[in-house]
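The values are calculated or read from the model by the stated rules, or taken from the named source; none is laboratory data. Quick caveat, the model's predicted, so the values are computed rather than measured. Reconstructed Cβ throughout: ideal geometry from the backbone, glycine too, with neighbour counts over all protein chains shown. In case anyone asks, the SASA skips ligands and DNA or RNA and just uses the protein heavy atoms, side chains included. Shrake-Rupley method; radii C 1.70, N 1.55, O 1.52, S 1.80 Å.
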Amino acid sequence: PPAGASPGSGALNPFDRRLKRKQKNWAALQAEPAKCDYLREEVRGRGPWRGHLQCCGPVLGPAAQRRTFPLALDVGSGRGFIAQHLTKETVEKLIQVDIAENALKNAVESEIPTVRVVADEEFLPFKEDTFDLVVSSLSLHWVNDLPKAFKEIHQVLKPDGVFIGAMFGGDTLYELRCSLQLAELEREGGFSPHVSPFTAVADLGHLLARAGFNTLTVDTDEIQVNYPGLFEVMEDLQGKYILCMGESNCSWNRKPLLHRETMLAAAAIYQEMYGNSDGSVPATFQIYYMIGWKYHESQAKPAQRGSATVSFGDLAKVEGLLKRGKK
């Protein structure tokens with residue numbers, strides 16, 4: 001990153017990117033890292049790259065135009081989760097970018113010719129109009145300047161190129177956050193953030209449009225995991241998901257520890273407010289899926305205003321006309 005980009009704090013720079021790099025490097029060296037990546041594996045199977053890229057390939061039959069991507073970029077690739085869903089029929093060459101060199105060294109092998117580059121997702125080291133496809137899965141929520149990141153992705157795409165991504169949404173771990181905040185307010189008279197901030201879905205479409213993307217698709221999904229209680233949630237998050245995936249909180253204003261009494265109060269609040277009938281408690285992960293295209297003159301354009309030949313008001317008459325036709 002440029003000088004002065006990582007150190008510091010403030011509203012425009014909430015995350016310590018150097019600490020995030022250390023966390024992800026540490027996570028990549030853990031024994032059997034695949035066991036810790038259950039959430040990434042789930043998103044990999046649900047993500048839009050699975051169905052959308054297949055639709056760009058030969059599965060639509062001879063009447064459809066076969067779409068291949070000569071050069072693709074995976075932003076924040078980690079160990080290469082998305083690459084496992086890509087084939088040589090859809091992507092001819094793939095470049096994987098991640099801030100952690102250890103993650104790239106331990107990347108899962110793919111049938112696609114792959115080049116791995118150590119770089120910060122906030123500062124992509126590529127020329128304009130380079131890639132036909134850019135993908136990203138569960139990486140952009142740690143970016144300090146998300147509008148700038150979207151603009152850089154748009155810049156490195158070729159005209160008629162597509163960006164397909166997934167990131168954590170604003171309701172992720174809301175049960176845990178609310179329980180901890182209420183417990184800290186009760187026991188300590190105030191609270192500090194223990195889960196990193198997330199983007200709201202209402203803002204995501206605006207950010208993508210401002211970056212220059214068109215024909216946007218933004219969707220949400222939720223993955224819920226049940227645990228015996230709050231302590232099991234925290235243990236699993238710290239021991240598996242957060243640490244092993246390199247997802248530890250790297251906010252500048254993070255609180256280093258929680259008092260025992262606060263934790264006990266939070267566990268009781270968690271159970272009372274969100275507990276299931278069988279005694280377990282849920283932990284919710286909200287996922288945003290997004291698809292955006294870079295403009296090209298060959299793309300379909302909206303019709304001119306006032307050129308419609310059928311009014312929306314006439315749609316209400318369709319059902320009546322059909323019933324009359326049956327009689």
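Would you point out the residue of segment 229-279, among those that are surrounded by fewer than 18 Cβ atoms within 10 Å (Cβ to Cβ) and of a type in the set (Asp, Glu), that is modelled with the lowest pLDDT?
Per the stated criteria, the residue is ASP236.
Which residues, counting only those in segment 302-325, are of a type in the set (D, E, K, R) and modelled with pLDDT of 75 or more?
If the condition is that a residue be of a type in the set (D, E, K, R) and modelled with pLDDT of 75 or more, then ARG305 is the only one that fits.
State which residue is surrounded by the fewest Cβ atoms within 10 Å (Cβ to Cβ) when the search covers only segment 77-90 and only residues that are over 15 Å from ALA119 (Cα atoms) and hydroxyl-bearing (Ser, Thr, Tyr).
THR87
Name the pairs: first residue in segment 168-192 and over 13 Å from ALA266 (Cβ atoms), second residue modelled with pLDDT of 85 or more and surrounded by fewer than 17 Cβ atoms within 10 Å (Cβ to Cβ), Cβ to Cβ under 8 Å, at least 6 apart or on different chains?
GLY169/THR220; ASP171/GLU222; ASP171/THR284; THR172/THR284; TYR174/THR284
Do we have SER110 as in contact (Cβ under 8 Å) with a residue 12 or more places away in the chain and either within 14 Å of the chain's Cα centre (by Cα) or open to solvent by less than 10 Å² (accessible area, probe 1.4 Å) (or both) here?
Spelling it out, it is not the case that SER110 is in contact (Cβ under 8 Å) with a residue 12 or more places away in the chain and either within 14 Å of the chain's Cα centre (by Cα) or open to solvent by less than 10 Å² (accessible area, probe 1.4 Å) (or both).
Condition check ((1) within 24 Å of TRP293 (Cβ to Cβ); (2) out of contact with any Pro (no Cβ under 8 Å at 6 or more places or on another chain); (3) basic (Lys, Arg); (4) open to solvent by less than 10 Å² (accessible area, probe 1.4 Å)) across all residues:
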| position | (1), (2), (3), (4) |
| --- | --- |
| THR68 | yes, yes, no, no |
| LEU71 | yes, yes, no, no |
| VAL75 | yes, yes, no, yes |
| GLU92 | yes, no, no, no |
| GLN96 | yes, yes, no, yes |
| ALA100 | no, yes, no, yes |
| ASN106 | no, no, no, no |
| ASP120 | no, no, no, no |
| LYS127 | yes, yes, yes, no |
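Can you go through ALA107, ALA31 and tell me which one is modelled with pLDDT of 70 or more, closer than 30 Å to ASP236 by Cβ and among the small types (Gly, Ala, Ser)?
Residue meeting the stated conditions: ALA107.
Kindly establish whether GLU128 is charged (D, E, K, R) and modelled with pLDDT of 85 or more.
yes
Return the total of residues in segment 285-310 being closer than 29 Å to VAL134 by Cα and open to solvent by 90 Å² or more (accessible area, probe 1.4 Å).
So the count comes out to 5.
List the residue pairs whose Cβ atoms are under 7 Å apart, where the first residue sits in segment 215-229 and is closer than 20 Å to LEU173 by Cβ, the second is open to solvent by 60 Å² or more (accessible area, probe 1.4 Å), and the two are 6 or more positions apart or on different chains.
Listed pairs, sorted by first residue: THR220/VAL201; ASP221/ARG46; ILE223/GLU42; GLY229/GLN271.
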